[in-house]
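To start, the structure under review is shown below, and the notes come after it.
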Amino acid sequence: MGYKTFLLGVGCQKGGTTWLHDYLAQCPGVRMGLRKEYHVLNKRRFRHYATRPRSGHQLLGRVGYRVGEAMGLSALMEACLKRDLRNYFDHFEAILHSAEEVALTADITPAYAGLPSSLMACVRDTFAARGIRVKVLFLMRDPVERVLSATRMYRRNRCSNLGEAAVTESEQDEVLRYYRSEQCEYLTAYERTIERLESVFAPPDVHYEFYERLFRRSSVETITTFLDLPFVTPDFSRELNVSRNDNLLDTAARRVVFEHYRPTYDYIAQRFGRDLMRKVWGNYCEFGE
């Protein structure tokens, strides 16, 4: 493994990224850093980062891995990474050079699905100037199921913070309020993400996979081959952050959400094949044809 690789994971939210992160962390040559999701690139407060002088605290960018390894990603460390984007690049470069055998590190943040092309190009070019290649992984999930799973996650978080009695809206009503929000579209209109990725990265540097077939040996082998990593047999009994299986959306509600994201279903079907969509996305089978 002669290359040093930074993996940019761009989603999708509720699409298996936590399981994938934990799997990759077990692979030889991988050091994943301080957390799965850094949420740095989606904080756009560093427009002129390349022209500002470096300050003393920016040394955290280089020593932060060792500090963070001992004490976790402190508020100071997190603020440092977000204040100046160079600290972000320094941080991951330090991880990759922390030991000769380290070949890959990653930031897998589903919110990066909406990054502008200019920022994606900045990530590509800045790492390339440091002798580090960037590879991108995008996991996708049936949009209706992603919306439902995300709604349940937000609902659980509110119940935990406010108490169940404070959450009075039904799950279905909450889905029907959320599905057309700007935040939801940002994370679910996969065609927009794909178009931006492919305007920046060469085809060999981008890999797409579907949540519905992620937990298969063949899919994981393909991912490790893409990343030039040795294959390690996964523990498929550990599917993290999986929502319960009962679907409380009635057929009419699911159709409403489907129709809103029909352009996404049609784009993915045209891109990856209708036969595959019939196999992996149940709502496409039910409403798409």
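The values are calculated or read from the model by the stated rules, or taken from the named source; none is laboratory data. Only a predicted model underlies this, so the values are computations on that prediction, with no experimental measurement involved. Cβ placement follows ideal geometry from the backbone for every residue including glycine, while neighbour counts extend to all protein chains displayed. Quick note on the areas: whole protein, heavy atoms, side chains included, nothing else; ligands and nucleic acids left out. Shrake-Rupley method; radii C 1.70, N 1.55, O 1.52, S 1.80 Å.
Nearest 0.05, what FRET efficiency do GLN270 and ALA79 give at R0 = 41 Å with Cβ-Cβ as r?
It comes to 0.40.
Run the reach check for LYS82 against lysines, Cα to Cα strictly under 19 Å, same-chain hits fewer than 8 apart removed. What comes back?
LYS36, LYS43
Give me the one-decimal nm value for the distance between modelled label points at GLU259 and GLU164, 7 Å along each residue's Cα-to-Cβ direction.
With each label point 7 Å from Cα toward Cβ, the separation is 3.5 nm.
Please list, ordered by chain and number, the residues whose modelled amide H lies under 5 Å from the amide H of PHE215; skip anything fewer than 5 residues away on the same chain.
none
Hey, can you rank 24-37, 85-98 by average C-beta count inside 10 Å, highest first?
85-98, 24-37
If each of THR224 and GLU289 carries a label point 7 Å out from its Cα toward its Cβ, how far apart are those two points in nm?
In this crude spin-label approximation the distance works out to 3.4 nm.
Top to bottom by accessible area (1.4 Å), largest first, where do ARG83, ARG213 land?
Values: ARG83 120, ARG213 65 Å².
Correct descending sequence by accessible area is ARG83, ARG213.
Could you order peptides 227-234, 256-263, 183-190 by the average number of other Cβ atoms within 10 Å of their residues, highest first?
Highest to lowest by the protection proxy: 183-190, 256-263, 227-234.
Principal axis extents for region 108-205, Cα atoms only, whole Å, descending order, please.
54, 25, 19
Rank CYS285, CYS80, CYS159 by accessible area, highest first, at a 1.4 Å probe radius?
Final ranking, largest accessible area leading: CYS285, CYS159, CYS80.
Could you compute the FRET efficiency for ARG177 and HIS39, with r as their C-beta to C-beta distance and R0 at 22 Å, rounded to 0.05? Don't skip to the answer; put the middle values down first.
Details: r = 24 Å, r/R0 = 1.11.
Between ARG177 and HIS39 the formula returns 0.35.
Which whole-Hz ³J(HN,Hα) couplings does region 272-282 yield from phi under the Karplus relation 6.51 cos²θ - 1.76 cosθ + 1.60, θ = phi - 60°, glycine and proline marked x?
10, x, 5, 4, 5, 4, 5, 7, 10, 10, x
Taking R0 as 45 Å, what FRET efficiency do you get between LEU248 and ASP125 from their Cβ-Cβ distance, rounded to the nearest 0.05?
My answer for the efficiency is 0.45.
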